[in-house]
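Notes follow the structure.
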Amino acid sequence: MIAMQPKVSTGKGKSREEQIGEMAKFLQDRTPEVFDLEKVSKKYPTAYEESMNTVLFQECVRYNGLLAEMKVSLAKVQKALVGELVMSQDLEKMSTSIYDNQVPIMWCQGGEGKGFLSLKPLASWIQDCNDRIKFLTDWFDNGTPISFWISGFFFPQAFFTGSQQNYSRKHNIAID
């Protein structure tokens, strides 16, 4: 059904390009800034007795890759839509994805992108992304949380490994 949508508008409403441009601007405005990794590593240094510091840092690094890609690609697609940049094949795919309310492939893990695994449509995905960033920001601002949002992790295996390491080191038990 999505593939059969018209690619041009015939009415007096907004053009396809205007709709994509507005949505790209909306997404860009809601894309959080990247984490300051230097501040993260200073506040939560790598420590033998606290593996969660490493988990937080690694999560921030992974999300930084996604957030940086989002900022750059959203700015490029907006420029391409108004003719300030050449509309490359990647930008065309991205604009079609935005129009169809799908997460652009350049952001998706499993595709060629840097994003977290998700089956959500774009509008829900951006909210989920912001919730994940808020989880990490709250962790940074308020200290290691009492409970963790497992599905909010980019790489939950690292969290489980870090938890096992903390327990084994605290009780002097081999992790194997």
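Relative to the longest principal Cα axis of the chain, at what angle does helix 122-142 sit, 0 to 90 degrees, rounded to 10? The answer is roughly 30 degrees.
Just tell me which aspartates and glutamates come within less than 17 Å, Cα to Cα, of K43; anything on the same chain fewer than 8 places away is out. Answer for K43, where 17 Å is the Cα cut-off: E59, D138, D141, listed by chain and number. Helix 52-81 axis versus longest C-alpha principal axis of the chain: approximately 10°, rounded to the nearest ten.
Axis angle, to the nearest 10 degrees, between helix 89-99 and the longest C-alpha principal axis of the chain: 90 degrees. For a modelled paramagnetic label at T144, 7 Å from Cα along Cα-to-Cβ, the residues of region 26-45 in reach, with backbone nitrogen under 13 Å, are 44-45. Relative contact order of the chain, taken over Cα pairs closer than 8 Å and 6 or more residues apart, is 23 percent. Projecting the Cα atoms of V103, N166, G21 onto the dipole axis of region 16-169, where Lys and Arg carry +1 and Asp and Glu carry -1 at the beta carbon, places N166 farthest toward the positive end. The magnitude of the dipole of the chain, with charges of +1 and -1 set on the Cβ of Lys/Arg and Asp/Glu and taken from the Cα centre, is near 240 debye.
Please give the calculated 222 nm ellipticity per residue for the chain, where each DSSP H segment of at least 4 residues contributes -39500 (n - 2.57) and the sum is spread over every residue; nearest 500 deg cm²/dmol?
One gets -19000 deg cm²/dmol as the mean residue ellipticity at 222 nm.
Can you flag which of K25/K114; K14/K76; K39/K79; K93/K134; K39/K93 are past 24 Å Cα-Cα? Write down the numbers at each step before the final one.
Numbers: K25/K114 20 Å; K14/K76 21 Å; K39/K79 33 Å; K93/K134 29 Å; K39/K93 36 Å.
Those over the limit are K39/K79; K93/K134; K39/K93.
Every pair of different Cα atoms in region 92-169 enters the Kirkwood calculation, which places the hydrodynamic radius at 14.2 Å.
Here the scattering of the chain is modelled by Debye summation over its C-alpha atoms, one equal scatterer each and no solvent; at q = 0.09, 0.10, 0.11 Å⁻¹ the log10 of I(q)/I(0) is -0.40, -0.48, -0.56.
Since every read-out is calculated from the coordinates, none of them should be taken as a lab result. Worth saying up front: this structure is predicted, and the values here are computed from it rather than measured. Counting neighbours? That spans all protein chains shown, and the Cβs are built from the backbone with ideal geometry, glycine included.
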